[in-house]
Each structure stands twice: as structure tokens, then as C-alpha cells.
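Take a look at the structure set out below.
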Amino acid sequence: MCSVVHFEMPYKDRERAARFYAAAFGWNHQFLGPEMGDYMLVSTAPAGARPPVPPEAALGSINGGLFPFQADGPIHHPSVVIAVEDIHAAIQRVTQAGGKVLGEPMAIPGVGNYVAFCDTEGNHNSMLQPDMAAPDCPA
């Protein structure tokens, strides 16, 4: 089985995107120059840290899922799900950082509270306050 080990999202304004993810989720960034396509690396956890995973999952892997397309649904693009400790505090951070929350948090039985958002670059992602212990992130 091949694990997901990286994610990518487009940006329209690199500095604005870096500010958004730093303010909303505490992510660090590193700007690469034109010789590297003006890529921006992001770190979502301290070096060596791993997100909480069920014992049967491979350490360091990222799980995912597919959902039925709905023309009137909130998400029509690939999405990254970001674990947060408190979904209401995270909603406030996303909004204050210039993002837009898409709807209200939804309880997913046995998983946690979930809500989609749009970042400052137009990317649609989501947040999950897991029912299990969440990783360290801004309170």
C-alpha cells in the first residue's frame, strides 16, 4: 500500500497564504526561490512529531477518504483535513486570518466535529476536532 506523505495546494499570494496558515494553525513555512518554482514548504508539526493514529495504522501515514460529489455541496475539490483541539476556537482563528468557514460544525459519530473552510487563496479544506486526543496546535 502506498501512503500519502505530502500535500500541495495552490496559492495566488504566497505571503498572504503563509500568514493565513501561520495565524490559523501555527504552521511554519520556508520560501524557496525562483530556481525551485517559488515553492513554499510548510511544516505542520515539530520535527519528529507524529499525529495520533490508531495502533493498527502505519506511523507517519495520512489517511483519507472519498465522498460523493454533490453539485450543491460545499466542497468540489481535493481537501486537506486539519486536526484541531477546539473547533470553535479554530473557526475564530480561520475567520480572523481572512478565511471563510463554510457552514456550521457537523458531528460525525465516532469521529468528531467537522467543518469546511476556504483559505485566503480560494482552497477549500476542512477542520476536525477528533473525538480522540488532538495533536498540539494553537489553542
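The values are calculated or read from the model by the stated rules, or taken from the named source; none is laboratory data. Computed from a prediction, not measured in an experiment: that's the story for all the values here. Because the Cβ atoms are built from the backbone with ideal geometry, glycine has one as well, and the counts that use them run over all protein chains shown.
For the stretch 96-105, the condition of being out of contact with any Asp or Glu (no Cβ under 6 Å at 6 or more places or on another chain), free of Cβ contacts under 8 Å to residues at least 40 places away in the same chain and basic (K, R) holds for at least one residue. Residues in the stretch 76-129 that are surrounded by fewer than 18 Cβ atoms within 10 Å (Cβ to Cβ) and charged (D, E, K, R): E85, D86, K100, E104, E121. Looking across V94, V42, one residue alone is modelled with pLDDT of 75 or more, assigned to a helix (DSSP H, G or I) and within 13 Å of the chain's Cα centre (by Cα). It is V94. Among the numbered conditions (1) at pLDDT 85 or above; (2) over 14 Å from the mean Cα position of the chain (by Cα), the only one that I87 does not meet is (2). Taking first residues from the stretch 6-18 that are on the phi < 0 side of the Ramachandran plot and partners that are in a helix (DSSP H, G or I), the Cβ contacts under 7 Å between residues at least 6 apart in sequence or on separate chains come to Y11/A17.
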